[in-house]
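Undergrad: Here it is, the structure in full.
The values are calculated or read from the model by the stated rules, or taken from the named source; none is laboratory data. Everything numeric here is computed off the predicted structure, so don't read it as measured data. Glycine also receives a Cβ, built like all others from the backbone with ideal geometry; neighbour counts cover every protein chain displayed. The accessibility values were calculated without ligands, DNA or RNA, using every heavy atom of the protein model including side chains. Shrake-Rupley method; radii C 1.70, N 1.55, O 1.52, S 1.80 Å.
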Amino acid sequence: MMFRWEPDMVRFMRDASSYGGYHAELAARTAAFLPKDAHVCDAGCGLGFLSAALAPLCRRVTALDISENALAVAREILAPLPNAAVVCADMETYVPDKPFDAMVFCFFGRTEEILRFARSACRGRVIVIKKNWTHHRFTLEKKPLLHSTLPEMERFLAGLHIPFESEALTIEFGQPLRSEADAVRFFQLYSRDEHPETIAFADIQSRLQRRDDPVFPLYLPERKRLGIVAFDTGSIPDEIKPYMKEEPL
């Protein structure tokens, strides 16, 4: 199912990305795994913030996504960068004119999908950025993540005998908020509670910091724990089957 970028989600992401250095730091850590002078595909690029941060660190970046809604923002962000391009396509059917030197999958795709996409579109390095936390971050009840995590991918690759490198890292990526109403709206959008529409400011205020900032008087701190996994497309087997069922952490 295609992720739907609601207008408020776009607004919150714009605010968060411009407020701190998350994408610049993530791009720098990612670039350490990339080949030199590479044409990199940011697969499932969303709004394009990571693509923009990667552009100065490689020869060329192609920001690829199926959502025209997201790519409208990506085109705006990437327009000033001469070595960046935006492509609207479905990875299930997309075949580039020439294979990419590397592909980056940031919180995009299940492991078997990533392996299949990368094998068909890339001739070199695959970098996958996965969640390295155990529970949903903006949910009032404690709910575990069931998939798309770093340990899950490491187990999957090991089960397929694919050699890989991995690195765990933590980067601050908090959410600046313009008002109490915005804080409530943010949690309602990203909560996995049964009835997120009932969330009130009293439920979340203990998690927020007040700041002397006329634009963003509230801040939701978030030390985002991530994992980077890197491997070569040449090690991906011809037949990709899940070697184990997903299981909760």
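Undergrad: Taking a virtual spin label 7 Å from the Cα of D90 along the C-beta vector, which residues in region 111-148 bring their backbone nitrogen under 19 Å of it?
TA: In region 111-148, the label zone of D90 (backbone N under 19 Å from the point 7 Å along Cα→Cβ) covers 111-121.
Undergrad: Per residue, how big is the convex hull of the chain when only Cα atoms are used? Give it in Å³.
TA: Hull volume normalised by residue count: 129 Å³.
Undergrad: Here is a further query. Report the label-to-label distance for S18 and N83 in nanometres (one decimal), using points 7 Å from each Cα along the Cα→Cβ vector.
TA: 2.6 nm
Undergrad: Now for a separate question. With a 1.4 Å probe and all protein chains left in place, how much accessible area per residue does the chain have, in Å²? Please list the in-between numbers first.
TA: Numbers: 12250 Å² over 249 residues.
I get 49 Å² per residue for this part.
Undergrad: Helix 68-78 versus the longest principal axis of the chain: what is the Cα-based angle in degrees, 0 to 90, to the nearest 10?
TA: Long axis of 68-78 versus the principal axis of the chain: about 90 degrees.
Undergrad: Compute the angle between helix 111-121 and the longest alpha-carbon principal axis of the chain, please, reported from 0 to 90 degrees and rounded to the nearest 10.
TA: Once rounded, the angle reads 50 degrees.
Undergrad: Hey, with R₀ at 25 Å, roughly what FRET efficiency would K224 and H161 work out to, going by the Cβ-Cβ distance, to 0.05? Numbers along the way, then the final one.
TA: Working: r = 31 Å, r/R0 = 1.22.
With a Förster radius of 25 Å, E is 0.25.
Undergrad: Then there is this: For the chain, modelled as a Gaussian network with Cα springs under 10 Å, which listed residue fluctuates most, F49, F100, F138?
TA: F138
Undergrad: Here is a further query. Quote the relative contact order of the chain in percent (integer), defining contacts as alpha-carbon pairs under 8 Å separated by 6+ residues. It would help to have the intermediate numbers written out before the result.
TA: On the way: 458 pairs, mean separation 50.2, N = 249.
It rounds to 20 percent for the chain.
Undergrad: Highest GNM mean-square fluctuation, the chain, Cα pairs closer than 10 Å: which of S235, S67, S206?
TA: S206
Undergrad: Could you give the angle, 0 to 90 degrees to the nearest 10, between helix 7-19's Cα long axis and the longest principal axis of the Cα atoms of the chain?
TA: 80 degrees
Undergrad: Here's a follow-up. Using a 1.4 Å probe, how large is the accessible area of I162, given in Å² and rounded to the nearest 10?
TA: For I162, solvent-accessible area is about 10 Å².
Undergrad: At 0.36 nm per residue, minus the direct Cα-Cα distance, what do L57 and D37 gain on full extension? Give it in nm, one decimal, please.
TA: Details: separation 20, 0.36 × 20 = 7.20 nm, distance 0.84 nm.
Net length gain for the segment: 6.4 nm.
Undergrad: If each of R11 and L189 carries a label point 7 Å out from its Cα toward its Cβ, how far apart are those two points in nm?
TA: 0.8 nm
Undergrad: Return the aspartates and glutamates within reach of K224: Cα separation strictly under 16 angstrom, same-chain partners fewer than 8 residues apart disregarded; answer none if there are no such residues.
TA: E25, E167, E172
Undergrad: Continuing with this model, one more query. Carbon and sulfur atoms: what percent of the 1.4 Å accessible area of region 1-143 do they account for? All intermediate terms of the calculation are to be shown ahead of the outcome.
TA: Details: 3500 of 6520 Å².
Summing carbon and sulfur atoms, their accessible area is 54 percent of the total for region 1-143.
Undergrad: Follow-up. What order do V87, V128 take when sorted by accessible area (1.4 Å probe), most exposed first?
TA: V87, V128
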